[in-house]
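Structure record follows, encoded as structure tokens.
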Amino acid sequence: MSAPTPSSTNSSWAQAVKDAIALRRDLHRQPELSWSEQRTAATLRQKLTALGIEWRVCAETGTVATLAPDAPGRHIALRADIDALPIEENSGVAWASHNQGCMHACGHDGHAATLFAATRWLKSREDRLPGPVTLLFQPAEEGGHGAKRMIEDGALAGVEAVFGWHNWPAIPFGQAVCPDGAVMAGNGTFKLVVKGQGGHASQPELCRDPVLAGSAIVVALQQAVSRRLPAQNATVLSVTSFDARSGVTVIPDKAVLEGSFRLADPAMREPLTQMIQEIATGTAQAYGVECQVEVFPRYLATVNHSAEAAVYRSVLVEQLGERALSETTRLPIMASEDFSYYLQACPGAFALIGSGDGELAHEVPCHSPNYDFNDALIDPVARIYARLAGVPIPD
């Protein structure tokens, strides 16, 4: 059988990208939350089957497949996350979410479509792959510890290096970051239940006001990082919810505060947790109320392995050009990623690839109701994945 001509190769790749964009927009219309990605998983599995790729269920709504399993070279894995967020979409795009209160506000629809485009190319050149390539379509990245469950279900069996990426609106299109060491921060959340004694708003002296105490706790916590932790330790603490709903003439019995923290140094997790406990309970006591504190550890920092990060950077430059590596992006990014689980279990690297191109929907931050994934990323990032796998797509 004769090798495909350059023109036929370019034509087939252009169609693959077109189909991946259509897939992305289909997934965007029907977003599903963590551990509920039934339709998303079924769609991706049908696509894999149509390509003649055997797959297996992994971690319920996750999917794993391996190309060229008997190839002699290094076994790598390529990952995409697939879950959406509990956000009401306001992007105004024609392919906006049909599921009320749920949207792909972080671009996981684009990540999945990009991996599928790369998969389509790699399958067509499977006999040229130097080593096995495992494809990870992972559920529940958004706080659901999906990567951990995938690993527990054998997703990394035999894998010697794992690679992933995330679109990032704050980085200009055509640039990326993939440092040695931490690329994204670890995180955690907390819940504070402030218990007082409610009563009539005209008689606050007969009450123990949880709203006032909660307000003081918010102020104290928001000042804690700047006054209690070294400036050299990248740490963010944010109170993001204050629920003390009541009648306009009624002081409530309790207030519930929630928030999150981000930290680059894992060693700071315990001191920060203790600080939240001390500040919340001590401030509550000063206002004559009680405060119950719960702190929930989530993800550790996403820390790249140096050798794999160097390989990834070289591929980024090969594909995006000599100015591909951003010199202005401050690292680590203080957002968090459960890709950290893969990097704790296996050598690998994670890149943030810029999507900012001047269009509003591509410039607003992830997790915004106005966000939309930049489809122009599918072509270059699929090419990056193909290069990492050892079978580049010709220009």
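Since every read-out is calculated from the coordinates, none of them should be taken as a lab result. Please read all numbers here as calculations on a predicted model, not as lab measurements. Quick reminder, even Gly has a Cβ in these numbers, built from the backbone with ideal geometry, and neighbours come from all protein chains shown.
General remarks:
- Most fluctuating residue given options D243, D265, D19, as computed from a GNM of the chain linking Cα atoms under 10 Å: D243
- Alpha-carbon centroid distance for the pair the range 287-317 / the range 61-121, whole angstrom: 21 Å
- Summing Cβ point charges (Lys, Arg +1; Asp, Glu -1) relative to the Cα centre of the range 186-297 gives a dipole of roughly 160 debye.
- Here the range 186-297 has an Rg and Dmax of 14.9, 48 Å, counting Cα atoms alone.
- Rg and Dmax over the alpha-carbon atoms of the range 211-275 stand at 14.4, 46 Å.
- Remark: spin-label model distance A42-A94 equals 2.6 nm, labels positioned 7 Å along the Cα→Cβ axis.
- Set of the range 122-159 residues, backbone N closer than 16 Å to the point 7 Å along the Cα-Cβ line of V57: 137-140, 150, 153-155
- Low-density loop positions, trypsin sites (Lys or Arg not before Pro), the range 297-395 - DSSP coil, at most 12 other Cβ in 10 Å: R323, R330
- Restriction of the GluC sites (Glu not before Pro) in the range 302-369 to DSSP coil positions whose beta-carbon has at most 14 other beta-carbons within 10 angstrom yields E322, E327, E359.
- Under-5 Å amide H pairs with S34, H placed in peptide plane, nonlocal only: A84
- One decimal place: the segment T281-Q223 gains 19.3 nm when fully extended, by the rule 0.36 nm per residue minus the C-alpha distance.
- Charge dipole (Cα centre; +1 on Lys/Arg Cβ, -1 on Asp/Glu Cβ; no other charges) of the chain amounts to roughly 240 debye.
- Qualifying trypsin sites (Lys or Arg not before Pro) for the range 1-104 [loop in DSSP, other Cβ within 10 Å: at most 15]: R74
- For the chain, averaging the sequence separation of C-alpha pairs within contact (under 8 Å, six or more residues apart) and dividing by the residue count gives a relative contact order of 23 percent.
- Only lysine pairs 8 or more places apart or on separate chains count here, and in the chain those with Cα atoms under 26 Å apart total 7.
- Three principal axis extents describe the C-alpha atoms of the chain; from largest down they are 89, 42, 40 Å.
- Relative contact order %, the range 186-297, counting alpha carbon pairs below 8 Å whose residues are six or more apart: 44 percent
- Cα shape, the range 1-116, gyration tensor, a/c 1.5 rule: oblate
- Rounded to the nearest 10 degrees, the angle from helix 108-124 to the longest Cα principal axis of the chain is 20 degrees.
- Mean residue ellipticity at 222 nm, helices only, the chain: -11000 deg cm²/dmol; runs of at least 4 DSSP H residues each add -39,500 (n - 2.57), and the sum is divided by the number of residues.
- The distance from the alpha carbon centre of the range 367-395 to that of the range 200-260 is 43 Å, rounded to a whole number.
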